[in-house]
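As structure tokens, the structure follows; a few thoughts come after it.
Each value in this text was obtained by applying a stated rule to the coordinates, not by laboratory testing. Computed from a predicted structure; not experimentally measured. Cβ sites come from the backbone with ideal geometry, for glycine too, and all protein chains shown count toward neighbours.
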Amino acid sequence: MELGIKGRVETVVDHSNTAKFAGSGELDVFATPNMIALMEQAAQASVAPYLEEGQGTVGTMISVTHDAATPLGMKVWAESELVELDRRRLVFEVCAFDECGAIGKGRHERFIINNEKFLTKVNAKGEK
């Protein structure tokens with residue numbers, strides 16, 4: 001895995017990804033939680049081909065601004081670029097856009113994990 005790996009995912013704003021539907025606002029505009037999820041998806045998908053069998057990544061931090069609203073029916077997309085790599089820690093610059101320009105930006109951190117070991121540890125939380 002090398003610095004500079006880029007990712008991109010897109011969607012169209014519909015009622016299921018609005019602030020009103022998510023409960024993060026009252027309007028039928030693209031929701032901030034959905035913008036964040038799109039950014040995470042771009043980052044996760046960009047490095048997935050470089051992971052070993054049984055590995056995945058989990059998001060551990062995100063710091064973003066949501067700078068412009070996007071209406072129903074408009075295409076939105078997120079782009080990521082791997083800018084820091086420290087063993088299992090990955091840091092991405094993330095940006096989101098709609099058909100009129102930039103709508104958000106920030107940084108996102110993910111960690112490489114062993115999927116099975118991670119799930120075993122998580123599922124053990126309820127057994128105590």
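Consider residue 26 carefully, then state whether it is farther than 18 Å from residue 5 by Cα, acidic (Asp, Glu), out of contact with any Cys (no Cβ under 9 Å at 6 or more places or on another chain) and without any contact (Cβ under 8 Å) to a residue 12 or more places away in the chain. Break it down stepwise before answering.
Values: farther than 18 Å from residue 5 by Cα: yes; acidic (Asp, Glu): yes; out of contact with any Cys (no Cβ under 9 Å at 6 or more places or on another chain): yes; without any contact (Cβ under 8 Å) to a residue 12 or more places away in the chain: yes.
Here the answer is yes, as residue 26 does meet what is asked.
Which residues, taken from region 45-57, are assigned to a helix (DSSP H, G or I), in contact (Cβ under 8 Å) with a residue 60 or more places away in the chain and surrounded by fewer than 14 Cβ atoms within 10 Å (Cβ to Cβ)?
Taking region 45-57 first, the residues assigned to a helix (DSSP H, G or I) are 45-50.
Now narrow it down to the ones that are in contact (Cβ under 8 Å) with a residue 60 or more places away in the chain: 47.
Once the filter is applied, which keeps residues that are assigned to a helix (DSSP H, G or I), in contact (Cβ under 8 Å) with a residue 60 or more places away in the chain and surrounded by fewer than 14 Cβ atoms within 10 Å (Cβ to Cβ), region 45-57 yields nothing.
Can you tell me which residue among 102, 43, 48 is among the hydrophobic types (A, V, I, L, M, F, W, C), under 30 Å from residue 3 (Cα atoms) and in contact with a Cys (Cβ under 8 Å, 6 or more places away or on another chain)? Show your work before the answer.
Details: 43 fails: in contact with a Cys (Cβ under 8 Å, 6 or more places away or on another chain); 48 fails: in contact with a Cys (Cβ under 8 Å, 6 or more places away or on another chain).
102 is the lone residue from the list that is among the hydrophobic types (A, V, I, L, M, F, W, C), under 30 Å from residue 3 (Cα atoms) and in contact with a Cys (Cβ under 8 Å, 6 or more places away or on another chain).
Only residues that are under 25 Å from residue 92 (Cβ atoms), of a type in the set (Gly, Ala, Ser) and assigned to a helix (DSSP H, G or I) were counted across region 8-44, and they come to 5. Just checking, does region 96-117 include any residue being within 26 Å of residue 16 (Cβ to Cβ) and free of Cβ contacts under 8 Å to residues at least 24 places away in the same chain? Yes. Any residue at all in region 61-75 that's assigned to a helix (DSSP H, G or I), out of contact with any helix residue (DSSP H, G or I) (no Cβ under 6 Å at 6 or more places or on another chain) and surrounded by fewer than 14 Cβ atoms within 10 Å (Cβ to Cβ)? No, region 61-75 contains no residue that is assigned to a helix (DSSP H, G or I), out of contact with any helix residue (DSSP H, G or I) (no Cβ under 6 Å at 6 or more places or on another chain) and surrounded by fewer than 14 Cβ atoms within 10 Å (Cβ to Cβ).
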